[in-house]
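Contents: one structure, followed by commentary.
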Amino acid sequence: MIQSYKQKPRLQETYDTIIIGSGMGGLTTAAILSKEGQKVLVLERHYTAGGFTHIFKRKGYEWDVGIHYIGEVQRENSMLKKLFDYVTDGELKWADMGEVYDRIIIGDQHFDLVKGVKNFKNQMISYFPEEEKAINKYVDLVFMAVKTSKNYYISKAISPFWNNLLGWFLRKPFYKFADKTTY
Ligand SMILES: Cc1cc2nc3c(=O)[nH]c(=O)nc-3n(C[C@H](O)[C@H](O)[C@H](O)COP(=O)(O)OP(=O)(O)OC[C@H]3O[C@@H](n4cnc5c(N)ncnc54)[C@H](O)[C@@H]3O)c2cc1C
């Protein structure tokens, strides 16, 4: 149950877990812990819950402040899909973004970002043929960074004992990418 700032909070004496912040991270953690039987309190300093999932309206258009699409949910066995299915009891249905998921317009030129890794690379190469090598290298690097990030996040979730023992080895490959500047 979400209580708004207009209501006087009805707090209980004790909670198993108190979570500060009601963005996707806080709410997902709260949902998982509640499903596991914990009594959870989520505290939010804004007047409504949701963090970067909020939207606002101007001149008849709807804008998102953060999240506008989520990747990996089309793959049945992806971690994200499993997570969303778990916290929503499989009720959340996903809408496909279509072939062109983003369009960048600069002056009278436009650049489509298209679905699928191979299609994406080919589309970018069609705009910038002289950059073919760099485009391929960039996309491969993104995938390598994502791959190494999994162990980084695992190191954040394991107990302090295992973290002391293995944490550095789990995190190190990711730092190779995360510590680099864009230059
Ligand atoms: C412009 C933009 C576009 C993005 N687009 C995408 C996208 O398309 N797809 C995608 O997957 N990700 C996207 N992201 C990233 C995504 O929005 C974030 O990774 C995600 O929302 C972070 O969730 P969170 O729960 O960690 O934090 P947040 O959503 O930031 O929530 C944190 C909450 O904690 C509250 N809070 C903070 N401090 C306190 C305090 N002391 N006491 C009480 N409450 C507190 C805040 O008010 C807020 O509600 C985008 C981000 C931005 C900025």
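The values are calculated or read from the model by the stated rules, or taken from the named source; none is laboratory data. Keep in mind it's a predicted model, so treat the numbers as computed, not measured. Glycine also receives a Cβ, built like all others from the backbone with ideal geometry; neighbour counts cover every protein chain displayed. Calculation scope for accessible area: heavy atoms of the full protein, side chains included, ligands and nucleic acids excluded. Shrake-Rupley method; radii C 1.70, N 1.55, O 1.52, S 1.80 Å.
When PHE161, PHE111, PHE174, PHE143 are checked against the criterion of being in contact with a strand residue (DSSP E or B) (Cβ under 9 Å, 6 or more places away or on another chain) and free of Cβ contacts under 8 Å to residues at least 60 places away in the same chain, PHE111 stands alone in meeting it. With respect to (1) touching a helix residue (DSSP H, G or I) at 6+ places or on another chain (Cβ under 6 Å); (2) closer than 22 Å to ILE70 by Cβ, the lone exception for ASN119 is condition (1). List the number of the failed condition for GLY107; all other conditions in (1) at pLDDT 95 or above; (2) away from the ligand (no atom under 16 Å from the Cβ); (3) small (Gly, Ala, Ser); (4) closer than 30 Å to ILE18 by Cβ hold. Only one criterion is unmet by GLY107, namely (4). The set of residues in the stretch 122-133 being in a helix (DSSP H, G or I) and closer than 16 Å to ILE104 by Cα consists of GLN123, MET124, ILE125, SER126, TYR127.
Specify the residue that is farthest from GLY37 (Cα to Cα); the eligible residues are those in the stretch 65-107 that are open to solvent by 80 Å² or more (accessible area, probe 1.4 Å) and outside any loop (DSSP other than H, G, I, E, B). The selected residue is ILE106.
Listed here are the residues, each with its yes/no results for (1) farther than 18 Å from ALA157 by Cβ; (2) under 24 Å from the mean Cα position of the chain (by Cα); (3) aliphatic (A, V, I, L, M).
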position	(1), (2), (3)
GLN12	yes, no, no
ILE19	no, yes, yes
SER22	yes, yes, no
ALA30	no, yes, yes
ALA49	yes, yes, yes
THR53	yes, yes, no
PHE56	yes, yes, no
TRP63	yes, yes, no
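Just one of the listed residues (LYS156, LYS147) is in contact with a helix residue (DSSP H, G or I) (Cβ under 9 Å, 6 or more places away or on another chain), in a helix (DSSP H, G or I), modelled with pLDDT under 95 and under 22 Å from LEU33 (Cα atoms), and it is LYS156. Taken together, LYS35, LYS93, LYS82 contain a single residue that is more than 15 Å from the ligand (Cβ to nearest atom), within 16 Å of the chain's Cα centre (by Cα) and on the phi < 0 side of the Ramachandran plot, which is LYS82. Scanning the stretch 7-64 for residues that are assigned to a strand (DSSP E or B) and either open to solvent by 80 Å² or more (accessible area, probe 1.4 Å) or basic (Lys, Arg) (or both) yields a count of 8.
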